[in-house]
1. Right, Val79: of a type in the set (A, V, I, L, M), part of a helix (DSSP H, G or I), in contact with a helix residue (DSSP H, G or I) (Cβ under 7 Å, 6 or more places away or on another chain) and under 16 Å from Val17 (Cβ atoms) or not?
2. Given the condition assigned to a strand (DSSP E or B) and acidic (Asp, Glu), answer yes or no: does some residue in region 3-20 qualify?
3. Can you tell which of Pro99, Pro89 is in contact with a Gly (Cβ under 9 Å, 6 or more places away or on another chain) and either surrounded by 11 or more Cβ atoms within 10 Å (Cβ to Cβ) or not hydrophobic (A, V, I, L, M, F, W, C) (or both)?
4. Just checking, which of Ala65, Ala2 is modelled with pLDDT of 85 or more and of a type outside the set (Phe, Trp, Tyr)?
5. Of (1) at pLDDT 90 or above; (2) assigned to a strand (DSSP E or B); (3) not acidic (Asp, Glu), Val54 satisfies all except one. Which?
6. If a residue must be small (Gly, Ala, Ser) and under 29 Å from Lys4 (Cα atoms), how many such residues does region 38-64 contain?
7. Identify, please: which residue in region 102-137 is open to solvent by 90 Å² or more (accessible area, probe 1.4 Å) and at pLDDT below 85 and is, among those, nearest to Gly56 (Cα to Cα)?
8. Hey, can you tell me all the residues within region 16-51 that are buried (at least 18 other Cβ atoms within 10 Å of the Cβ), modelled with pLDDT of 85 or more and not aliphatic (A, V, I, L, M)?
Amino acid sequence: MADKGRARKLSERIQQVVAQMLDTRIKDPRLGFVTITDVRVTGDLQHADIFYTVLGDDEARAGTAAALESAKGVIRSEVGKQTGIRLTPTLAFFPDAIPDTAAHLDAALIEAARRDREVAALAAQASFAGEADPYRRPEDDDEDEAEQA
């Protein structure tokens, strides 16, 4: 098992190589506007999971997934050449869930802000259930004693 530093360096290098390959050498028309967001290499350096995002609709995402799957062999051979390690890791491409998660979080934040505005409007119209200051003060005790005497 390789150390974590070596796996991290290899994943960074694979990310650079794959991004460069997609930009310059892969000429598949199905390939959309792709960004490689992360690469995770296993501890034994035998497998690399590559996460990507695609700008566009579901059709563009499906086309890009098919293009990446068909270009996987070419990309893997280039990764092997440029990294210079003995065994080139197998590659697997996964669409990254970051844009979907970000959209979900944005919607949740907008909903929370709307509810905060509703609560603030209700609080502005609210009045006290009893006195404005329900706590006894020492000066109140003096007045009570004077009234009893």
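The values are calculated or read from the model by the stated rules, or taken from the named source; none is laboratory data. These numbers were taken from a predicted model, which means no experiment stands behind them. Cβ coordinates were reconstructed from backbone atoms using ideal geometry, including for glycine residues, and neighbour counts include every protein chain displayed. Areas reflect the complete protein model, heavy atoms only, side chains present, ligands, DNA and RNA absent. Shrake-Rupley method; radii C 1.70, N 1.55, O 1.52, S 1.80 Å.
1. In short, yes.
2. Just the residues of region 3-20 that are assigned to a strand (DSSP E or B), to begin with: none.
Within region 3-20 (the criterion being assigned to a strand (DSSP E or B) and acidic (Asp, Glu)), the answer is no, since none of the residues qualifies.
3. Checking each option against the conditions leaves just Pro89.
4. Values: Ala2 fails: modelled with pLDDT of 85 or more.
Matching residue, one of Ala65, Ala2: Ala65.
5. Unmet condition: (1).
6. Final tally of qualifying residues: 2.
7. Ranking the qualifying residues of region 102-137, first place goes to Ser127.
8. Correct list: Phe51 only.
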